[in-house]
Structure formats: C-alpha cells, structure tokens
Amino acid sequence: CYGNTALEMGSNSRLRRVVWGLFRNKSTSADFIVANTHFNVMSTDSSAGLVQSRQLTDIVRGLYEKYDCPVLVTGDFNAKKRGAVSYCTSVVYDVLSLKMTDVRNSAESRVSGNGKALSGYSVDHIFSVGQVRGRACCILSQRELCQLSDHYLLYADIVI
C-alpha cells in the first residue's frame, strides 16, 4: 500500500506533500511505514508550518492506527529545536516532537561529522511513532560543505 496527500497552505502542492509506503522486513516479517515530506520554508510567520505539522501528525496517527505498525517520518520539516534559531521554526519542531519521537534524541549512539554536531539544530529529521528502537543516528557533515547548505544527510539504524 502507498499514498500521498498535499499539505494545506503549501506553496506548491506538487512539492509540499506527505508521501508514504507500507513495507515488510524480510527477516522478521514486521510491517512498517515510511513517510516523507517537505514543509514550506518558514519566514516570520509560522502559520503554514503549524497547519502542515498538525496535518502531518493527523496523517501519521491515522496510518499507525489503520495498519497497526510503526511509522517513520523523514524529510525537510524546516523546523529546528529551540535555541539560536527563529521562533517560528522552533514552534513547528515543538508540535512535531510532542506527537512523534525524534530518532536523533532516542538513539542509543550518535555520530557526527566534523562540520555539524548531531545535537545541533537541523531542518531535516527522522521521527517515529510506535514500537521502534533507534540503535544509532548519524549526521553526515563535512566542515568544508557547511557554507553550501543547511541540509545534511541523516542516517538511522532502527530496529522494528
């Protein structure tokens, strides 16, 4: 099974979507869902991000209840933890992290490149809902590339 939904208040309904698929682990036969999204870029107004956050968490809750399996949610949320970042992006992160678990916080081990610490702010996240265990989370960041983008590859070793 798979599906997609356009996010409300999206600047481009072709790009601002939640896309998901149901997968089965061949070793354990455990089902799980992976969803991906890209929220609007935040400016001084967090209203679009808040609407999209609430819509995403409703979609994820519905998938979790319908398929009775863990859901992993990945993507560019344009949302950051509180700290030296804008208020709008941290409010969106707060809404997401109240309803889902940020894998980088719950992983047993964390690894960072030399350019950005895994504990630092990031607009990209992996969230989970349901029974999963994060063994490791890694952010691939090279100091030489930090000026090019605020996006870094984020990896997670997750047991379902």
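The values are calculated or read from the model by the stated rules, or taken from the named source; none is laboratory data. These numbers come from a predicted model, not from an experiment. Here the Cβ is made from the backbone with ideal geometry for all residues, glycine too, and neighbour counts use every protein chain on show.
Cβ separations smaller than 8 Å between residues 6+ apart or across chains give the following pairs from the range 52-63 residues that are more than 14 Å from VAL19 (Cα to Cα) to residues that are surrounded by fewer than 18 Cβ atoms within 10 Å (Cβ to Cβ) and of a type in the set (Lys, Arg): ARG61/LYS99.
Those strands (runs of 3 or more DSSP E) of the range 1-110 in which 2 or more residues are of a type in the set (Val, Ile, Thr) and modelled with pLDDT of 85 or more occupy 17-24, 31-38, 71-76. Taking the listed residues ALA30, ALA6, the one that is in contact with a Ser or Thr (Cβ under 6 Å, 6 or more places away or on another chain), surrounded by fewer than 17 Cβ atoms within 10 Å (Cβ to Cβ) and over 17 Å from MET100 (Cβ atoms) is ALA6, with no other qualifying. Does LYS116 qualify as being out of contact with any Cys (no Cβ under 6 Å at 6 or more places or on another chain), farther than 19 Å from ASN36 by Cα, modelled with pLDDT of 60 or more and among the basic types (Lys, Arg)? For LYS116, the condition - out of contact with any Cys (no Cβ under 6 Å at 6 or more places or on another chain), farther than 19 Å from ASN36 by Cα, modelled with pLDDT of 60 or more and among the basic types (Lys, Arg) - is not met.
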